[in-house]
Amino acid sequence: MTSVATIQPDPAPIAACTVSRDVQNFEMLIDEMEREMGEAWGDLSFDDALVFLDQPEASELEFIAIALDADDEGDLSLISGVIRAARATRTHVILVANQLSPTGLHQLMRLGADDFVPYPLPEGALHDAISRLRAAATAEAAATANAAAAQAATPHPAPPAATANALVLVEDTSNTPAFRASGNRNGLVLPIHGMAGGSGSSTFAANLAWELANADKVNPPRVCLMDLDFQYGSIATYLDLPRKDAIFEILTDPGQVDSDLLIKSMQTFNERLCVFTAPAEMLPLDIISGEDLGRLIDMAVANFDFVLIDMPKTVVTWTEAVLSRAHIYFALLDLDLRSAQNVLRFVRALKAEALPHEKLRYVLNKAPKFTDLSAKARVKRMSESLDIQIEVQLPDGGTAVTQANDHGLPLSESSAKNPLRKELQKLAKSLFELSKAQVSARS
């Protein structure tokens, strides 16, 4: 009798693991892991992860994805132990967080998690996070090889590494503002809030900021533009600026930030406009508290003549901090029912909380032409029915606006004679005169 051994292929080595209380609570994560890793991944509980990461096999892992929700808030010490164990084996860590508090997320990121994606997972978010880890690993390997080659070529020892506990922004500083914090300004705070999606608030913010930066050719004011839409902010795109990792460090550890660090985290557009972009990754809007964000705004106010803030469409916990510091709070709306309804809701919410709704200044985007009498009558009826005064009406800039945004240029640089640009220029001049009047009154 002849026995024939059945030859079976060796199982694929495990290159990644999910770590969670119950991975079945994260079905989308299971699907994405199968799509990205095939069969080369496994699942561990928090306790099992601590045991496995202490084994020699753990050195083969590329990354672990720690999936958390609000029920895991009480076990952060255990989860922190998992992150420390992963870092000890040089295993990358991705946090997949569902309704985790900003404090908890901040704590875990500070311990050394490499990346964060929200849950439910946005399309492609996990793929992008894994791609970033692999790109960083490749860059690190290349840097290590270059450092080794440099060390072999020179007898001088390498400089000591920076202290891990200090907040140090290691970034390309070629595009950072040239001035240092002086604290001798008292700028106007001008938030911009779109009352509906597609209302043009980011376009308005980017172009108004640039017009203000050029309001005086001889003695131009210092203008800062802050993009506080941490999830879909587009100011960096509209001004063709990279999104710096320093922004994430500022938002996750604001208590360590001073005025100099805040300014270093910014970039300059055409050497005049200072921009605090949205972070490179999608972050929870409440990742920073109202108190900490208020501190950052106060630092900006002390060093700039104008601080423009591109707000998210959502009202969040720190909206009050921005509103309380605002001199004028621009509310952009379209001539449609959804904008009207959202204005009613917004004003009602501010009144309910006894917040200064009188700071709102309403701006109608894509306003009708002078000859369109029926549309102008609709504008009047909207104003009367909402009991508001629409003080600024911006004409439709047409396709030139989209083209300028796609090319990362303000309208003044790509379509200087555009009617929208001319209205924004007028508004900037009036705000510049207001600022000079306030300076004169204080002196």
> Rg to Rh ratio, segment 1-126, alpha-carbon atoms and Kirkwood radius?
Replying inline: 1.07
>> Over the chain, with a Gaussian network built from C-alpha contacts below 10 Å, which listed residue (266, 299, 28) shows the highest mean-square fluctuation?
In response: 28
> Once the Cα atoms of helix 373-386 and of the chain are each reduced to a long axis, what angle between those two axes, in degrees from 0 to 90 to the nearest 10, is obtained?
Replying inline: 70
> For residue 19, which sequence-distant residues (separation of 5 or more, or a different chain) have an amide H within less than 5 Å of its own amide H, given hydrogens modelled in the peptide plane?
Replying inline: 44, 65, 66, 67
>> For the chain, what are Rg and Dmax over the alpha carbons, in angstrom?
In response: 25.9, 107
> Looking at segment 259-296, which GluC sites (Glu not before Pro) are in a loop (DSSP not H, G, I, E or B) and have at most 11 other Cβ atoms within 10 Å?
Replying inline: 271
> Taking only Cα atoms, what is the 0 to 90° angle, nearest 10, from helix 76-88's long axis to the longest principal axis of the chain?
Replying inline: 70
> How large, in percent, is the carbon and sulfur part of the accessible surface of segment 175-333 at a probe radius of 1.4 Å?
Replying inline: 44
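So which trypsin sites (Lys or Arg not before Pro) in segment 358-429 end up in coil per DSSP with only 12 or fewer other C-beta atoms within 10 Å? Don't skip to the answer; put the middle values down first.
On the way: sites: 359, 361, 366, 369, 376, 378, 380, 381, 417, 421, 422, 426, 429; in loops: 369, 417.
Answer by residue number: 369, 417.
Can you pull the percent of segment 1-127's accessible area that's carbon plus sulfur, 1.4 Å probe, other chains left in place?
Within segment 1-127, the accessible surface is 49 percent carbon and sulfur.
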> Relative contact order of segment 57-130: what whole-number percent is it, with Cα pairs under 8 angstrom and at least 6 residues apart?
Replying inline: 33
> What angle do you read, to the nearest 10 degrees and between 0 and 90, between the alpha-carbon axis of helix 27-37 and the longest principal axis of the chain?
Replying inline: 70
> So if we plug the beta-carbon distance of residue 35 and residue 380 into 1/(1 + (r/R0)^6) with R0 = 51 Å, what FRET efficiency do we get, rounded to 0.05?
Replying inline: 0.40
> Each residue of segment 307-319 in turn: what ³J(HN,Hα) in whole Hz from Karplus with 6.51, -1.76, 1.60 and θ = phi - 60°, glycine and Pro shown as x?
Replying inline: 10, 9, 10, 7, 8, x, 5, 7, 7, 10, 5, 9, 4
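Kindly give the semi-axes, whole Å and largest first, of the ellipsoid equivalent to segment 319-376, taking each as the square root of 5 times a Cα gyration tensor eigenvalue.
On the way: eigenvalues 140, 34, 12 Å².
Each semi-axis is √(5λ); the values are 26, 13, 8 Å.
Among the listed pairs 217/422; 351/376; 217/429; 217/436; 313/417; 369/417, give every one whose C-alpha distance is greater than 19 Å.
Working: 217/422 17 Å; 351/376 29 Å; 217/429 12 Å; 217/436 15 Å; 313/417 30 Å; 369/417 17 Å.
Pairs exceeding 19 Å: 351/376; 313/417.
Hey, can you find the accessible area per residue of the chain for me, probe 1.4 Å, expressed in square angstrom?
Values: 22310 Å² over 443 residues.
Per-residue value: 50 Å².
The values are calculated or read from the model by the stated rules, or taken from the named source; none is laboratory data. What you are looking at is a predicted structure, and each value in this text was computed from that prediction instead of being measured. Note: ideal-geometry Cβ built from the backbone for every residue, glycine included; neighbour counts use all protein chains shown. Side chains are part of the model used for accessible areas, which takes the heavy atoms of the whole protein and leaves out ligands, DNA and RNA. Shrake-Rupley method; radii C 1.70, N 1.55, O 1.52, S 1.80 Å.
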